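The values are calculated or read from the model by the stated rules, or taken from the named source; none is laboratory data. This structure is a prediction, so every number in the text was calculated from the model and none was measured. Cβ coordinates were reconstructed from backbone atoms using ideal geometry, including for glycine residues, and neighbour counts include every protein chain displayed. Please note that ligands, DNA and RNA were not included when accessible areas were found on the heavy atoms of the full protein model with its side chains. Shrake-Rupley method; radii C 1.70, N 1.55, O 1.52, S 1.80 Å.
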Amino acid sequence: MDISLAVFMFPALFVLVFAGIPVAFSLIGTAFIFGLFAYGMNLPIQFHSRMYDVTSNFILAAIPLFVFMGAMLERAGIAAKLFDAIKVWFGPFRGGLAITTIVMCGIFAASSGVVGAVEIVVGLMAVPAMMSTGYRKDLAAGTVCAGGSLGTTIPPSVVIIVYASIVEMSVGDLFAGILIPAGVMVALFLIYIVGRCAIQRDAGPGLDPSEIDATLGEKLWLLLTALVPAALLILAVLGSIFAGIAAPTEAAAVGATGSVLLSIAYKQFSLEVLFKALAQTIKITSMVMLIVVGGVLFASIFIIHGGDELVSDLISGSELGQIQIILLFLLVVFILGFVLDWISVLIVVLPISDPIIRGAEIDPLWFGVMVCIVLQTSYLTPPMAPSIFYLRSIAPREMTYGDMYKGVAPFVAAQLLTLLMVAFYPATATWLPELLFGF
């Protein structure tokens, strides 16, 4: 075993990524080339074993079910009903449409778990509404991007499911651990929107009351028929996990079934809607799983060549304390998030960091919550910034990249404030899991 080979794996990976090769194939290609030095012609057997481990992982089976739940709610037009139900209450206030967007993103994130799906579905409704009302372009852009990024932290986030599967941690513990920080983050987003619109009165004008031609009774009925069923579905999914009634995969199945029943109740169900939801589910799940497989292969070959020992020796030789170790790995995650997607970051970093974190007697749940928050910032920070690219695909031409980058900056600050809160007060991440599961 030549430990020096591990040193060259990351440079080789970045060369392939910057050459324009998809991340999944870059990971697989790098793992294959360096794997030949370790296993020779027996490499396919080793790869088959690792791929079998991934495909037989029970936790990962929750991903397509949660994705289907979100896709079904989107295709059946339930998202549009939710947006209208929230808009009639907040729309007339300054910043009301932006508040509606954040609340809608939070609700939809809790029923989808996929950032791209949340942002595109809500953005298609929110961006035209805000632009036609006279919102500042940077506020409209930042709100949609930040709201979409909530799919990273609000359960049932696919990010958390993948994280738990890699470090062999309870998905329920991570769901519960991230809940309070996610709520604080949403509150900070709303405080910024309300504060800015109060100070800069033309930043987010309210809707003209004539545009919301509804009586109080009609508003309440819309709230009851659109918001309550979706909230009950989310409660059934997360509540069954937190109550210990169902495993995450079983709860995901409940959510998938519930989304179909809701579409039938709203008289939106059809074979075309079902097939489109299934097609979107297959597409997203295949993308996620291909990168997961590539990341697992890359990480296993990196470890075979002694990469984990190299990192461990560097940290132990530097005599870093717990705080320094946490800062080091969070910085690595933050920097990698600039150029890699979240799945690649998790699968490359966690097999190396997890043994070191546990060996240093750092609470893995506390650390995991902070990693998820840092990953959320990567959705808004260039050059990768997936949330900005999602928005670009649906935004009008007059909304420039400059507007988008300017718009997300205050929301990134809110995410970092949330990170500081969790860092200085670990109980914000550990109290709820202890209460629910005795973690």
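Data overview
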read-out	value
Which listed residue is touching a Lys or Arg at 6+ places or on another chain (Cβ under 8 Å), part of a helix (DSSP H, G or I), within 23 Å of Gly195 (Cβ to Cβ) and not aliphatic (A, V, I, L, M), from Gly402, Gly407	Gly407
Residue within region 390-397 that is under 20 Å from the mean Cα position of the chain (by Cα), closer than 30 Å to Gly172 by Cβ and buried (at least 19 other Cβ atoms within 10 Å of the Cβ) present	yes
Of all residues making up region 382-439, the number that are within 19 Å of Leu139 (Cβ to Cβ), modelled with pLDDT of 90 or more and aromatic (Phe, Trp, Tyr)	1
Test: residue in region 75-97 that is open to solvent by less than 10 Å² (accessible area, probe 1.4 Å), within 30 Å of Leu188 (Cα to Cα) and in a loop (DSSP other than H, G, I, E, B)	yes
Residues of region 147-187 satisfying the condition of being part of a helix (DSSP H, G or I) and free of Cβ contacts under 8 Å to residues at least 24 places away in the same chain	Gly183, Ala187
Condition met for Ile21 (at negative phi, of a type in the set (Val, Ile, Thr) and surrounded by fewer than 17 Cβ atoms within 10 Å (Cβ to Cβ))	yes
Test: Tyr192 is buried (at least 20 other Cβ atoms within 10 Å of the Cβ) and more than 23 Å from Met69 (Cβ to Cβ)	yes
Selected residue (criterion: surrounded by the fewest Cβ atoms within 10 Å (Cβ to Cβ)) from residues of region 306-346 that are at pLDDT 75 or above and not in a helix (DSSP H, G or I)	Gly321
Helices (runs of 4 or more DSSP H) fully within region 218-305 counting 3 or more residues that are closer than 30 Å to Thr30 by Cα	271-304
Lone unmet requirement of (1) open to solvent by 30 Å² or more (accessible area, probe 1.4 Å); (2) within 25 Å of the chain's Cα centre (by Cα) for Ile303	(2)
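Each row is one residue, and each column tells you yes or no for (1) in contact (Cβ under 8 Å) with a residue 12 or more places away in the chain; (2) among the aliphatic types (A, V, I, L, M); (3) out of contact with any Pro (no Cβ under 7 Å at 6 or more places or on another chain).
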{"position": "Leu190", "(1), (2), (3)": "yes, yes, yes"}
{"position": "Trp221", "(1), (2), (3)": "no, no, yes"}
{"position": "Ala231", "(1), (2), (3)": "yes, yes, yes"}
{"position": "Ile234", "(1), (2), (3)": "yes, yes, yes"}
{"position": "Ser240", "(1), (2), (3)": "yes, no, yes"}
{"position": "Leu278", "(1), (2), (3)": "yes, yes, yes"}
{"position": "Gly294", "(1), (2), (3)": "yes, no, yes"}
{"position": "Phe298", "(1), (2), (3)": "yes, no, yes"}
